[in-house]
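Chemist: Below you will find the structure I want to go over with you.
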Amino acid sequence: MESNKQAMKSGAKLLVEALENQHVDLIFGYPGGAVLPLYDEFYKSNIPHILTRHEQGAVHAAEGYARVTGKPGVVVVTSGPGATNALTGIADAMSDSIPLVVFTGQVHQPGIGKDAFQEADMIGLTTPITKYNYQIRDVKELPRIVNEAFYIASTGRKGPVVIDIPKDIGILTTANVHPIDIELPGYHPESTFNEDQLSRVFQLLKKAKKPLILAGAGIHHSGAVEALQEFSQYHQIPVLTSLLGLGSIPHNDLLFLGMGGMHGSYAANMALSECDVLLNFGARFDDRLATKPTEFAPNAAIVHVDIDPAELGKVIQTDVPIHGDCQEVLTQLLTMQKEPLFPQAEWLRTSQLRKTNYPYKYTDSTEIIKPQKAIELIGEITNGEAIVTTDVGQHQMWVAQFYPFKERYQLVTSGGLGTMGFGIPAAIGAQFAYPEKLVVCFVGDGGFQMTNQELAILNDYQLNVKFIILNNGVLGMVKQWQEKFHGERFSHSIFNSQPNFVKLADAYGIKGIQLTAPTTLEADLKAIFNETGPAVIDIIVDSNELVLPMVAAGQPNHCMEGVE
Ligand SMILES: Cc1ncc(C[n+]2csc(CCOP(=O)(O)OP(=O)(O)O)c2C)c(N)n1
């Protein structure tokens, strides 16, 4: 006799099925008591799971994966300390609008709120640093919640979603799953712009003598790179980017003026202070870019396109606020355009001349390796085609200035939160996403010591990641600020000793090498990059080097120090 009884399934089984439905092809995580039922099910599943060595590493690795694919990264951590270790990565993803779905374990339901072993209030802790969060209280809800979480993480302004799963939910079984259609009445991720607003953009551009485009991360997130390039090309409008917008236009494109802001190029910052129309596509006027909001682009009518309406007018008064996905807006602008709007060449010529006459520069030396030189050489050796991850500090800014980015998603860096410890695990995540590509991670000697335990994964999987430690023996960016703004009182920014990074690499089963000679640097780097597989390259660099130009915090963009 045929039975029409549905099979009973545990919460853990339902979770794996829900992940399969979402085509999840990788999980980063770290087990523990509260998630053991889930891990038991992972054991039987075909979805690969990467065991990181710390939960912070798991989240940054998932971010690396998400930042180069655009797909949500998936993380599983246990309750209490496992979950709190994940907070930095979650906040990092929130700050840069990176799609993540993070499953945190929770104590069993009767123990919640009773200080049970390894309990932490993940809803309370993650509410300000997630796009949304859930705690599952009924096993039947699990498939719907997982589907919603993926939808929320990857639509509109992307971001991290946390799902807190009490241990008993993983074990409890059910035959009946609640309907899983997504119904989120309060959630409207779609664009709401209209044609009148776009007509206003053309009206402004028609009158403009000095139009300028600012390309932010929204260009990458929405897949608008081609549309941006076509639009700027057609009308011959110069483009600057934010840090996270790098790669939206190739570094050697004549229209590209460089990155703007605190350590941006002279050409980009001068263009910002002189333009008469500024079209901002998907940048959030961060204070590292809009260094003095009250004097930002003072002569310009400002158009701001953003998928998050809360961004419009948040920092800078905007003449034409457009709530929209950058790709949709640019595509529509392309269909509406008639004649090229900007046939006069004076503004473009001035901007380009500034780019040629005032490039990022440094004084090379035969005595000591200059960090900028190392980055330049690696840019040449990799033909500007590596996926580049950075940590946070001076090296991050030099990479932004000197690595010749060409493409969407090529730079993986912690922009908004500025998280040291990000670079190593993010490189690992990016490499899992694109095993055939070379990944180069630039990291300072400070940041390297925050998450270097993740090197263990390199040995497990023989990933093709080259870690470049730009080793200046100091917390370079902190020391730079102390030099400029704290009377050269280098309070706790100089390391008394450093581990032997080559031996450390060796301990993790990875090739390690130290480079100290400027004269053989190029040949040494070529030899290392000729071999595939992981390597840690400890480059001893000048500790007195500054990141220039520099606009001091609170100064307007044109007040750049270090431009000659
Ligand atoms: C987790 C964390 N702690 C502290 C800081 C503050 N901070 C910003 S840059 C920096 C120095 C980084 O030094 P290093 O990693 O050696 O890189 P460098 O600046 O020398 O290139 C510090 C401490 C931070 N961004 N993140």
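The values are calculated or read from the model by the stated rules, or taken from the named source; none is laboratory data. Fair warning: this is a prediction, and the values are worked out from it, not measured in the lab. Backbone-built Cβ (ideal geometry, glycine too); neighbour counts: all protein chains shown. Each accessible area value is taken on the protein alone, full model and side chains, heavy atoms only, with ligands, DNA and RNA left out. Shrake-Rupley method; radii C 1.70, N 1.55, O 1.52, S 1.80 Å.
Chemist: Can you tell me which residues in segment 457-470 are open to solvent by less than 10 Å² (accessible area, probe 1.4 Å) and more than 10 Å from the ligand (Cβ to nearest atom)?
Modeler: Result: 457, 458, 465, 466, 467, 468.
Chemist: Related question: Looking at the structure I just gave you, is residue 478 open to solvent by 10 Å² or more (accessible area, probe 1.4 Å) and among the aliphatic types (A, V, I, L, M)?
Modeler: So residue 478 fits the description; yes.
Chemist: Step by step: first the residues of segment 234-261, then only those that are open to solvent by 10 Å² or more (accessible area, probe 1.4 Å), in contact with a Pro (Cβ under 9 Å, 6 or more places away or on another chain) and not hydroxyl-bearing (Ser, Thr, Tyr), then the one that is nearest to residue 406 (Cα to Cα). Which residue is that?
Modeler: 250
Chemist: Taking the condition of being in contact with a Gly (Cβ under 6 Å, 6 or more places away or on another chain), of a type in the set (A, V, I, L, M) and within 14 Å of the ligand (Cβ to nearest atom), how many residues in segment 471-503 meet it?
Modeler: 2
Chemist: Among the helices (runs of 4 or more DSSP H) lying completely within segment 1-119, list those that include at least 2 residues that are within 22 Å of residue 166 (Cβ to Cβ) and open to solvent by 30 Å² or more (accessible area, probe 1.4 Å).
Modeler: Result: 11-21, 36-44, 81-85.
Chemist: Within segment 418-434, can you find the residues that are within 12 Å of the ligand (Cβ to nearest atom), closer than 23 Å to residue 27 by Cβ and outside any helix (DSSP H, G or I)?
Modeler: Residues satisfying the conditions are 419, 421, 422.
Chemist: Given the criteria open to solvent by 50 Å² or more (accessible area, probe 1.4 Å) and among the hydroxyl-bearing types (Ser, Thr, Tyr), does residue 192 qualify?
Modeler: yes
Chemist: Within segment 120-136, can one find any residue that is under 20 Å from residue 428 (Cβ atoms), assigned to a strand (DSSP E or B) and free of Cβ contacts under 8 Å to residues at least 40 places away in the same chain?
Modeler: no
Chemist: Which fully enclosed strands (runs of 3 or more DSSP E) of segment 296-412 have 1 or more residues being charged (D, E, K, R), under 30 Å from residue 88 (Cβ atoms) and modelled with pLDDT of 95 or more?
Modeler: Those strands (runs of 3 or more DSSP E) span 301-306.
Chemist: From 165, 169, 182, grab the single residue that is under 30 Å from residue 144 (Cβ atoms), assigned to a helix (DSSP H, G or I) and not assigned by the TED database to the domain that holds residue 333.
Modeler: 169
Chemist: On the given criteria, is residue 292 more than 30 Å from residue 69 (Cβ to Cβ) and touching a helix residue (DSSP H, G or I) at 6+ places or on another chain (Cβ under 7 Å)?
Modeler: Taking the combined requirement at face value, the residue does not satisfy it.
Chemist: Pairs under 6 Å by beta carbon, first residue under 15 Å from residue 540 (Cα atoms) in segment 370-386, partner assigned to a loop (DSSP other than H, G, I, E, B) and more than 16 Å from the ligand (Cβ to nearest atom), six or more apart or different chains?
Modeler: Every condition considered, the pairs that remain are 370/364; 373/364.
Chemist: Shifting gears a bit: Within the set of pairs 6 or more residues apart or between chains, which connect a residue that is closer than 24 Å to residue 471 by Cβ and open to solvent by less than 10 Å² (accessible area, probe 1.4 Å) inside segment 426-447 to a residue that is charged (D, E, K, R) and assigned to a strand (DSSP E or B) with Cβ atoms less than 6 Å apart?
Modeler: 440/466
Chemist: I would also like to ask the following. Can you work out which of the residues in segment 361-396 that are open to solvent by less than 60 Å² (accessible area, probe 1.4 Å) and away from the ligand (no atom under 16 Å from the Cβ) is nearest to residue 210 (Cα to Cα)?
Modeler: Applying the filter and picking the extreme gives 384.
Chemist: Considering segment 401-417 alone, what residues qualify as being open to solvent by 10 Å² or more (accessible area, probe 1.4 Å) and either on the phi > 0 side of the Ramachandran plot or within 14 Å of the ligand (Cβ to nearest atom) (or both)?
Modeler: Of everything in segment 401-417, those that are open to solvent by 10 Å² or more (accessible area, probe 1.4 Å) and either on the phi > 0 side of the Ramachandran plot or within 14 Å of the ligand (Cβ to nearest atom) (or both) turn out to be 401, 402, 409, 415, 416, 417.
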